[in-house]
1. Show the residues, 5+ positions off or on another chain, whose built amide H is closer than 5 Å to the amide H of LYS92.
2. Given +1 on the Cβ of Lys and Arg, -1 on the Cβ of Asp and Glu, and no further charges, what dipole in debye does the chain carry about its Cα centre, rounded to the nearest 20?
3. Note the full-extension length gain between GLU34 and ASP56 as 0.36 nm times their separation in residues minus their Cα-Cα distance, in nm to one decimal.
4. At 7 Å along Cα-to-Cβ for each site, give me the label-to-label distance between SER88 and THR7 in nm.
5. When the gyration tensor of the chain is built from Cα positions, what are the square roots of 5 times its three eigenvalues, in whole Å, from largest to smallest?
6. Give the aspartates and glutamates whose C-alpha is closer than 18 Å to that of LYS48, dropping any in the same chain fewer than 8 places away, or say none.
7. Taking every DSSP beta bridge that has both residues in the chain, what percent is antiparallel when rounded to the nearest 5?
8. Pull out the extension gain between GLN44 and GLU14, defined as 0.36 nm times the separation in residues minus the alpha carbon to alpha carbon distance; nm, one decimal.
Amino acid sequence: SALFSPTSVWLKVEVAKLVALAHEHERLLTIVLESSLLTNEQLQKLVKLAADAGADFLKDGTGIMASQPEQADKLTNALRFRELVPRSVGVKLVADWATEQDMEQLVSAGVE
């Protein structure tokens, strides 16, 4: 709900605290974003917030929404998500729909 609040600065602070706690225990922090439920503007805002807060990885969805778009759209959406995320942050996604060629494209783009 903080995403929809005009005074959501505390969200970045909370994410930064979680990142610090994870790193303190020598762990990496992955933040999962259900991008299919967000507008492009909301997604861009959350990607920036998570990257600025120090997240190690962003994951595009849990896979629950995987049945939504057509397969060609899934690859396009996955590559677009990678483009939104700064290279300093890793990208993970559920790609059980991907063909071998799709996987090669995703790996080439820097997606895990």
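Only the coordinates and a few stated rules stand behind these numbers; no lab work does. This is a predicted model, so every value here is computed, not measured. So basically every Cβ, Gly included, is an ideal-geometry build from the backbone, and we count neighbours across all protein chains shown.
1. Close amide H contacts, sequence-distant or interchain: LEU58, LYS59, ASP60, GLU112.
2. The dipole magnitude comes to about 420 debye.
3. Length gained between GLU34 and ASP56: 6.2 nm.
4. 2.9
5. Listed largest to smallest, the semi-axes of the chain are 25, 17, 11 Å.
6. The reachable aspartates and glutamates, counting only those whose Cα sits under 18 Å from LYS48, are GLU14, GLU34, ASP56, ASP60, GLU83.
7. Percent antiparallel among DSSP bridges in the chain is about 0.
8. That pair, GLN44 and GLU14, stretches by 9.0 nm at full extension.
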